[in-house]
1. Tell me yes or no: at least one residue of the stretch 76-89 is farther than 30 Å from residue 217 by Cα, under 36 Å from the mean Cα position of the chain (by Cα) and either in a helix (DSSP H, G or I) or in contact (Cβ under 8 Å) with a residue 60 or more places away in the chain (or both).
2. All but one of (1) touching a Cys at 6+ places or on another chain (Cβ under 9 Å); (2) open to solvent by 70 Å² or more (accessible area, probe 1.4 Å); (3) over 24 Å from residue 328 (Cβ atoms) hold for residue 210; state the number of the condition that does not hold.
3. Exactly one condition in (1) at pLDDT below 95; (2) among the acidic types (Asp, Glu); (3) out of contact with any Lys or Arg (no Cβ under 6 Å at 6 or more places or on another chain) is not met by residue 249; state its number.
4. Among the numbered conditions (1) open to solvent by 40 Å² or more (accessible area, probe 1.4 Å); (2) modelled with pLDDT of 95 or more, tell me where residue 231 comes up short.
5. Please work out if residue 215 is open to solvent by less than 50 Å² (accessible area, probe 1.4 Å), out of contact with any His (no Cβ under 8 Å at 6 or more places or on another chain) and in contact (Cβ under 8 Å) with a residue 60 or more places away in the chain.
6. Out of everything in the stretch 135-163 that is in contact (Cβ under 8 Å) with a residue 12 or more places away in the chain and acidic (Asp, Glu), what residue ends up being farthest from residue 252 (Cα to Cα)?
7. In the set 238, 253, 295, which member is of a type outside the set (A, V, I, L, M, F, W, C) and within 25 Å of the chain's Cα centre (by Cα)?
8. Identify, by number, the condition in (1) among the aliphatic types (A, V, I, L, M); (2) touching a strand residue (DSSP E or B) at 6+ places or on another chain (Cβ under 9 Å); (3) more than 26 Å from residue 232 (Cα to Cα) that residue 71 doesn't meet.
Amino acid sequence: SPPTTRVSSLANLISPSKNGAVRRFGQTIQSMSMRGDGKSPGAPLKACSKVVGPTPPKRRNSTLWSETLDVHQKSTFSTKEIKRQEAIHELSRGEHDLIEDLQVARKAYHDPMLKLSIMTEEELTQIFGDLDAYIPLHEDLLDKLAKGTSSDGTVGQIGQIVMDWLPGLNAYRDYCSHQLAAKALLDQKKQDRRVQDFLQRCLESPFSRKLDLWSFLDIPRSRLVKYPLLLREILRHTPPEHADVPHLEKAITIIQGVLSDINTRKGESECQYYIDKLEYLDDRQRDPLIDHCKTLLCHGELRNKSGSKLHVFLFSELLVLTRPVTRNERSCFQVYRQPLPVRDLALEDLQDGDVRMGGSFRGAFSQGEKAKNVFRVTSLDPSHGQSHTLQVNDIFHKQQWLNCLRSAIAAQPQQQRAPVRDRRGVSEGTAMTRAKRRASVVSVEGADENDCPRIADLSQGLKGTEMLPRSGSSGKMKRDWSHGSLQRRKETGV
């Protein structure tokens, strides 16, 4: 059936609700359908012109607590007490808004897409999780606040209420830890024209407030991080002698612990998500340390001079260089070269102009552009023999990478670091100098991974990592080179 027919039927699928925004959803969709339906030749043109203008988005209630008081009531409260009640009112109003958004996500997005078979139930479960199951949790807080409100509209003591309620937010651990996979699936489904059409029409409806679906799905997470701020604001306007002070301080400690736990779970889930997307060309590439990685410290896309992109992952135990590829419409990261244990890394902050773009070998025969914002990571383990000079797009991102690398290296036990001498007895400084000669330059860019092209000849990056011959063998080098038998070590920029 044509899109307008689908959307017209959508209005009848939404269950009745007291929420005005959701109730008007069907009317808006119907009017949009009338506007775009070309199968009604008898419809007067003037009638259609009435709905041409965009429907204004719904506005949230922004009334302050003090605005609900008359002049006489307001005069009975001190300025500090008014500010305290305003902060409590802000907490309560935010709960109302969150409940409304959770209802919209379910009634205006999830249920219609399920009934119209725009997505399967399994896909919707992965994207939405148990979103509507959290509504009773927030309704419970509103009920407790209502019971604690006196006849004059003030909440005398809120500390004990929130202190008892906050541990329930641990229910969000699973939801937040699956957000990365949910976002990836939603982005993939947006390529479907039916999904695209449905979401666009929802975006044009007043209930959306010009927010896309992911904004609604991400609202719980953004709400969680506001609780410490809201509680601190209430505490700031609470007199030191008030009975709420110790309870509010305890509540702030509780919510910080809840958020820390959620962040830990979310970080572990994100780390595992990318580990599962790593694709190895050879089983020997899979370092056993990858199974011990629980944290992804940072990651970003790299580009060499030829335009090919690499994506670098800094896990807690490994530095992994990859190439973004697509397999059966699934994005993944093909591991490029052997992953480098963080315990074996040496980090060098290079000054602007120290290296030229285009790689060390080609740079010797051409005047490449001097690189800015570069640093070098070198493996001190001679069995790896790798050194990579990386360029970031600005000084800010360079500092981020340096900070993450330094933290990761410092966190490694000193006794586990690789020996500082190679098999030939070469000192660490000499080994690093030789590694620098072999290094190539790639640049870090913040491009979207969905734009990554398919890179040909991926097996090139797996050939042996050989040490350069000693200076005394230069004559043999020239002879071997002339016969085409010198196997030069493959460089990062190739």
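1. Yes - at least one qualifying residue is present in the stretch 76-89.
2. Among (1) touching a Cys at 6+ places or on another chain (Cβ under 9 Å); (2) open to solvent by 70 Å² or more (accessible area, probe 1.4 Å); (3) over 24 Å from residue 328 (Cβ atoms), residue 210 violates only (1).
3. Unmet condition: (1).
4. The failed condition is (1).
5. The answer is no for residue 215.
6. Narrowing the stretch 135-163 to residues in contact (Cβ under 8 Å) with a residue 12 or more places away in the chain: 135, 137-142, 144-145, 148, 152-155, 157-163.
Add one more test, that the residue is acidic (Asp, Glu), and what stays is 139-140, 152.
Values: 139: 21, 140: 19, 152: 27 Å.
Within the stretch 135-163, the match that is farthest from residue 252 (Cα to Cα) is 152.
7. Step by step, each of 238, 253, 295 is checked, and only 295 is of a type outside the set (A, V, I, L, M, F, W, C) and within 25 Å of the chain's Cα centre (by Cα).
8. Residue 71 satisfies all of (1) among the aliphatic types (A, V, I, L, M); (2) touching a strand residue (DSSP E or B) at 6+ places or on another chain (Cβ under 9 Å); (3) more than 26 Å from residue 232 (Cα to Cα) except (2).
The values are calculated or read from the model by the stated rules, or taken from the named source; none is laboratory data. Computed from a predicted model, the values in this text were never measured in an experiment. Virtual Cβ from ideal backbone geometry, glycine too; neighbours counted across all protein chains shown. These area figures cover heavy atoms from the full protein model, side chains too; ligands, DNA and RNA do not enter into them. Shrake-Rupley method; radii C 1.70, N 1.55, O 1.52, S 1.80 Å.
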